[in-house]
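Asker: Could you have a look at this structure, given as structure tokens, before my questions?
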Amino acid sequence: MESGNTAPMNRTWPTRGTPRTFSRYDALAAVSLIAVCLGIYANSLPNPLLRDDLIAVVQDRRVNDPNYWRDIFTQRYWEGLSSDPIYRPLTTVSLLLNRLITGTAPWGYRIVNIALHAAVCLAVYGVGRILLSGRWAAWVAAMLFAVHAVHTEAVTAIVGRADMAVTLLLLAVVWLLVRRPDLGRCEGWRLALIGILSASALFWKESAFVVLPLVIFFQAWQRWVSGGFVGRRTLGRLWPAGERLITLSVVAVCLGAVCLRYILFGQVSRPARFVPVMDNPLGQALPTERLLTAVVLHGKYLRLLAWPHPLSCDYSYNQIPVARHPLEAPVLIGWLWFVGLAGALGLARRYGGTHGWRVAVACLGFFEITYSLISNAVLPIGTIFGERLIYLPSVAWCWACSAVGIALFERTGRIGRWVVAVAIGLLLVVNAALTVRRNTDWRDQLTLWSQTVKVSPNSSRAWAHLSRSLGLAGRREEAVEVMHHAMAIHDGYWEDHMALGDHLARLGRFEEAAEAHLRALQLADRPFKAKPARFLGQCYIELKRPDQAIRAFQVALEIEPNNVTALNNLAYLHATATDPALRDLSAATAYIEEARRLVPQSLIVLDTAVDVYLARGERDRALELIRHGLKIGDKNDIMYAALQRRLAQLTTTTTTTTTRE
């Protein structure tokens, strides 16, 4: 509450008669928005899970097994794949609940994403009713948001629900701030709700840290539009106690989230130098280069909002080169976009009247604040550029476009109104058509990556994923050629060399495959060296180089002592080696028994154990293992038939020996 000596403030904004009550027109607007969201994304429902969805949904044991639910709140978001302290427990919880309710079918996850998108559209409409002072303006903004093609990745990719949930929660916070012109008072329920919404957003995705500057901005914006900066400038007038309490509560929530990250992971964010160049080259760039590149990215995001075609799901190295000089063409284009924004703001100030000027400031502030965290200007994030990252800032773009369109409609004559109405209709229809078309690109990974390399021809990762997709389609020769193209752009990613080695091995080119896996082993960080070492060992087996194969598998075992593949192969190599220096039956027995302890049901391991005990001359033990495998094994397993043949051979040999005796 304000003190008694503070003059009452004029809080009659906005002046155009904002609709404050819910009516049947709002209900019709809501129904139309929901129907459009379902309609334009209906053809995405059959699409499979691709890209990051495979890691976050298919491969994450916390999502697939409810018994690991506690790990959701104590471990990183990307399970076992990153040292980056990304903490998104509510996102993973939503995936777990999704699986429990709808099963593993992709459509079950995607229908939740579409529902979230529809909810965000309703929030855009709700806040727009207040900021834009009218139902029509709010509806046009929300409808543009619903159909905008740049949102396709956020809605179609299951991991995009984190961006949508954050947008929904932050819009709810903004709505609570602007729904009533008097923030001098602070009801307890509103204070608590803003704190809960802010905390929830932070546990969905770290981009929600913009909640603090958003709260401060809209409090200041509200002081401005309600005349709080006019007259006697006391602290109580400029920043009332109720607003201070809300700000402090959001500060406490943000600090709590930061402290929790530090407690769980020992760090708040990943140092810039540890951000992989493949994901974001700005991690290794100078501060001035990051700032210049942020200008480039700013312009690129605005260009996609203005015309969302063509679209790409990947902008990795080196699709967007790091800007080195302020006079480079991409930087100059980025500055031109800033000039355009300044010009639009000036036009709003000159011709938009009080209301238009306030709306322009609100939209620009919302956009720049929400863009700040994805700009990479100060703190490099996990990617240099991503279409789903613009989901939250695009809200301001849709508000601004609607405000301009409705203002032109109201200020022109009859013919002019028809022109404006047709232009708005075309904008909505074209975006809807682009969205429906873009959904088809996600129907399988070969289609997705074939389209991606057309739009992002300088992205090494895009070409590498296309190579993997070609390999899965059985087009190995093409896959090798495409992977070499990826490596011509960037040769320092170990998994690409692994994939190349796999393609070559399946083509029978084991010498080249071994070279690729050796290169992968050299590039990989220590925790990831086990995998290329295993594949290298298997190549050496095919090349009849048991000594080198043993060394490779030993490297894998040093890093992963419980690696069954390495244990099994070492047992086989030591038991069957013809070189006395390599033949070691004691080591072979130790390796195979450890492998059997780890996977007692594995028929492959049992088959190797048979080789080991036959090499030791223990035929009865070998027969016992075969019969045990046939008892517990799956008859459809290819190794089941192999064990049957071995049993027949050993039994025949035993019978022949007995007859001779």
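The values are calculated or read from the model by the stated rules, or taken from the named source; none is laboratory data. In this text, all values refer to a predicted model and were calculated from it rather than measured experimentally. Counting neighbours? That spans all protein chains shown, and the Cβs are built from the backbone with ideal geometry, glycine included. We work out accessible area using only protein heavy atoms, side chains counted, and drop any ligands, DNA or RNA first. Shrake-Rupley method; radii C 1.70, N 1.55, O 1.52, S 1.80 Å.
Asker: If you take just the helices (runs of 4 or more DSSP H) that sit entirely in the stretch 39-150, which of them hold at least 3 residues that are more than 21 Å from the chain's Cα centre (by Cα) and crowded, with 18+ Cβ neighbours inside 10 Å?
Answerer: In the stretch 39-150, the matching helices (runs of 4 or more DSSP H) lie at 106-131, 135-147.
Asker: Might you check whether a residue that is closer than 30 Å to Ala323 by Cβ, touching a residue at least 60 places away in the same chain (Cβ under 8 Å), open to solvent by less than 50 Å² (accessible area, probe 1.4 Å) and in contact with a helix residue (DSSP H, G or I) (Cβ under 9 Å, 6 or more places away or on another chain) occurs anywhere in the stretch 407-426? Before you say what the answer is, go through the steps one by one.
Answerer: Going residue by residue through the stretch 407-426, those that are closer than 30 Å to Ala323 by Cβ are none.
Among the residues of the stretch 407-426, not one is closer than 30 Å to Ala323 by Cβ, touching a residue at least 60 places away in the same chain (Cβ under 8 Å), open to solvent by less than 50 Å² (accessible area, probe 1.4 Å) and in contact with a helix residue (DSSP H, G or I) (Cβ under 9 Å, 6 or more places away or on another chain), which makes the answer no.
Asker: Any idea which of (1) of a type outside the set (D, E, K, R); (2) part of a loop (DSSP other than H, G, I, E, B); (3) modelled with pLDDT of 95 or more is the one Ala257 doesn't satisfy?
Answerer: That leaves (2) as the condition not met.
Asker: If I filter the stretch 596-605 for residues that are touching a Leu at 6+ places or on another chain (Cβ under 6 Å) and either closer than 12 Å to Ala575 by Cβ or in a helix (DSSP H, G or I) (or both), do I get at least one hit?
Answerer: Scanning the stretch 596-605, I find no residue that is touching a Leu at 6+ places or on another chain (Cβ under 6 Å) and either closer than 12 Å to Ala575 by Cβ or in a helix (DSSP H, G or I) (or both), so the answer is no.
Asker: Consider Tyr315 against the criteria (1) hydroxyl-bearing (Ser, Thr, Tyr); (2) closer than 27 Å to Cys401 by Cα; (3) open to solvent by 50 Å² or more (accessible area, probe 1.4 Å): it satisfies all of them except one. Which criterion is unmet?
Answerer: (3)
Asker: Which residue pairs have Cβ atoms under 6 Å apart, sit 6 or more places apart or on different chains, and have a first residue in the stretch 300-326 that is assigned to a helix (DSSP H, G or I) and a second that is open to solvent by 60 Å² or more (accessible area, probe 1.4 Å) and not β-branched (Val, Ile, Thr)?
Answerer: That search, which allows pairs on different chains as well, returns Leu302/Trp337.
Asker: Of the residues Arg461, Arg534, which single one is open to solvent by 10 Å² or more (accessible area, probe 1.4 Å), under 24 Å from Pro281 (Cα atoms) and of a type in the set (Lys, Arg)?
Answerer: Being open to solvent by 10 Å² or more (accessible area, probe 1.4 Å), under 24 Å from Pro281 (Cα atoms) and of a type in the set (Lys, Arg) holds for just one of Arg461, Arg534, which is Arg461.
Asker: Quickly run through the stretch 609-632 and pick out the residues that are under 22 Å from Thr578 (Cα atoms), touching a Leu at 6+ places or on another chain (Cβ under 9 Å) and assigned to a helix (DSSP H, G or I).
Answerer: Passing the criteria: Ala609, Val610, Val612, Tyr613, Leu614, Ala615, Arg619, Ala622.
Asker: Just checking, does the stretch 301-318 include any residue being more than 30 Å from Ala199 (Cα to Cα), of a type in the set (Gly, Ala, Ser) and in contact with a helix residue (DSSP H, G or I) (Cβ under 6 Å, 6 or more places away or on another chain)?
Answerer: There is at least one residue in the stretch 301-318 that is more than 30 Å from Ala199 (Cα to Cα), of a type in the set (Gly, Ala, Ser) and in contact with a helix residue (DSSP H, G or I) (Cβ under 6 Å, 6 or more places away or on another chain).
Asker: Just to verify a result, which residue in the stretch 253-287, among those that are of a type in the set (Phe, Trp, Tyr) and farther than 14 Å from Gly382 by Cα, is most open to solvent (accessible area, probe 1.4 Å)?
Answerer: Only one residue tops the list, namely Tyr262.
Asker: Among the listed residues Ala201, Ala192, which satisfies the condition of being open to solvent by 10 Å² or more (accessible area, probe 1.4 Å) and closer than 25 Å to Phe73 by Cβ?
Answerer: Ala192
Asker: Here's a check for you: in the stretch 175-185, which residue that is open to solvent by 40 Å² or more (accessible area, probe 1.4 Å) and farther than 18 Å from Phe366 by Cα is modelled with the lowest pLDDT?
Answerer: Per the criteria, the residue is Asp182.
Asker: Only one of (1) surrounded by fewer than 23 Cβ atoms within 10 Å (Cβ to Cβ); (2) part of a helix (DSSP H, G or I); (3) not basic (Lys, Arg) is not met by Ala479, so which one is it?
Answerer: (1)
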